[in-house]
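Working notes for the structure below.
The values are calculated or read from the model by the stated rules, or taken from the named source; none is laboratory data. Computed from a prediction, not measured in an experiment: that's the story for all the values here. Heads up, the Cβs are rebuilt from the backbone with ideal geometry, glycines too, and the neighbour counts pull from every protein chain shown. Areas reflect the complete protein model, heavy atoms only, side chains present, ligands, DNA and RNA absent. Shrake-Rupley method; radii C 1.70, N 1.55, O 1.52, S 1.80 Å.
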Amino acid sequence: MIIGFIGAGKVGCTLAKHFTLCGIKVAGFYSRTYAHTQEASDFTQSQAYSTLADLVNDCNCLLLTVPDDQVTNVWQDLCLLPITNKWIGHCSGLLTSHIFINNQSVHPFAFSLHPLYAIYDRFDCYHAMPKVFFTLEANNNVIFQLQKRLSLLKNPIAILSAKKKHLYHAACVMLSNQVIALAQVGTSLLAQSGLDKEFTEQAWHALFLDNANAVCRVGVIGALTGPVERGDVETIKQHLNALPAEYKSIYQQLSAILLRMSRTKHPNKDYRQLELELLS
């Protein structure tokens, strides 16, 4: 497989570097901004293409690493070029391979390959890639052939149904971006507690990181701690009385989920009074 990258941003640079280090041939990059194309090609020791046609000519696989709202436009440009027997993929967590449709038929070698990782930098995140899990979605007739072509990647790659892609992406957002929202709520409450800014910005890091590490090490049930698991009704009451109205419903909804988990962990424990408190 010889892969050409369309889009020289964070995802393109990171994946191309990782693929190269795994022994997959990367022909080079094409993007709207030639300066970015040159930077990406220098970083991956590949070619900077000035035309999409030249990139297509040199590759048997094209990977679109552009924002989701640009995938359709790039695909329309590709449909004007000789791509009949070429693999065409994108790295969106939300979109499926069905976006690559022409004359009412999905391109037979279309796929989506998504890394479960928040790629935040063009030239540094490739260091984390060896530990990243991927999902692969494609036509059932070709997906095993595609797996073989990607076999040089030692990353775990799970096959995902196109019908479940939206649910999958929602899960990724909750495990990534929405955790950031909870961190913002927590730091806001620390600030409202009267603590100074420097303390508020730093003090919770060990609590947050060690808890996240525990979840990864022993699982969500094993890592469960806190007043909900203990069935500490009085503490929950004090929290609900103290919380600003804008955060109270968030606290109640998350605590209800923790309550279900606590019942799984402690099936003989009576949580009925706590449940009533959360519903009130």
- Mind listing whichever residues of the stretch 257-280 are outside any helix (DSSP H, G or I) and in contact with a Lys or Arg (Cβ under 8 Å, 6 or more places away or on another chain)? LYS269, TYR271
- Query: Within the stretch 154-188, which residues are surrounded by 15 or more Cβ atoms within 10 Å (Cβ to Cβ) and either touching a Gly at 6+ places or on another chain (Cβ under 9 Å) or acidic (Asp, Glu) (or both)?
  - Reply: LYS165, TYR168, HIS169, CYS172
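Here is a list: ARG272, ARG260. Which entry is within 30 Å of PHE133 (Cβ to Cβ) and out of contact with any Leu (no Cβ under 6 Å at 6 or more places or on another chain)?
After ruling out the rest, the residue left standing is ARG260.
Among helices (runs of 4 or more DSSP H) lying entirely in the stretch 199-249, which contain 1 or more residues that are closer than 20 Å to SER262 by Cβ, among the charged types (D, E, K, R) and in contact with a helix residue (DSSP H, G or I) (Cβ under 7 Å, 6 or more places away or on another chain)? Give the steps one after another, and end with the answer.
Numbers: elements: 205-222, 227-230, 233-242.
Filter on the stretch 199-249 gives 227-230, 233-242.
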- Six or more apart or on different chains, Cβ under 8 Å: which pairs go from a residue in the stretch 264-280 that's open to solvent by 60 Å² or more (accessible area, probe 1.4 Å) to one that's not in a helix (DSSP H, G or I)? Could you list them? LYS265/LEU224; LYS269/GLY231; ASP270/GLY231; GLN273/GLY231
- Task: Name the residue, out of LEU259, LEU224, that is open to solvent by less than 40 Å² (accessible area, probe 1.4 Å) and closer than 12 Å to LEU278 by Cβ.
- Result: LEU259
- Task: Please identify the pairs in which a residue from the stretch 51-64 that is touching a residue at least 60 places away in the same chain (Cβ under 8 Å) and over 20 Å from LEU113 (Cα atoms) has its Cβ atom under 8 Å from the Cβ atom of a residue that is open to solvent by 10 Å² or more (accessible area, probe 1.4 Å) and of a type outside the set (Asp, Glu), counting only partners at least 6 apart or on another chain.
- Result: none
- Which residues, counting only those in the stretch 12-29, are closer than 23 Å to ALA53 by Cβ, open to solvent by less than 60 Å² (accessible area, probe 1.4 Å) and either in contact (Cβ under 8 Å) with a residue 40 or more places away in the chain or not β-branched (Val, Ile, Thr) (or both)? GLY12, CYS13, LEU15, ALA16, PHE19, ILE24, ALA27, GLY28, PHE29
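Report yes if PHE133 is surrounded by fewer than 16 Cβ atoms within 10 Å (Cβ to Cβ), touching a Pro at 6+ places or on another chain (Cβ under 7 Å) and either under 26 Å from ALA170 (Cα atoms) or not acidic (Asp, Glu) (or both), otherwise no.
Criteria met by PHE133.
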- Query: Cβ-Cβ below 8 Å, separation at least six or inter-chain, first residue in the stretch 230-245 and under 21 Å from ASN268 (Cα atoms), second open to solvent by 50 Å² or more (accessible area, probe 1.4 Å) and part of a helix (DSSP H, G or I): which pairs?
  - Reply: GLY231/GLN273; VAL233/GLN273
- Query: Across the stretch 238-256, what is the total count of residues that are open to solvent by less than 40 Å² (accessible area, probe 1.4 Å) and closer than 24 Å to GLY219 by Cβ?
  - Reply: 2
- Note on the structure: Sole miss for ALA181 among (1) assigned to a helix (DSSP H, G or I); (2) farther than 22 Å from LYS248 by Cα is condition (2)
- Message: Looking at the stretch 1-49 only, could you name the residues that are touching a Gly at 6+ places or on another chain (Cβ under 9 Å), among the polar types (S, T, N, Q) and either at positive phi or assigned to a loop (DSSP other than H, G, I, E, B) (or both)?
- Response: SER31, SER46
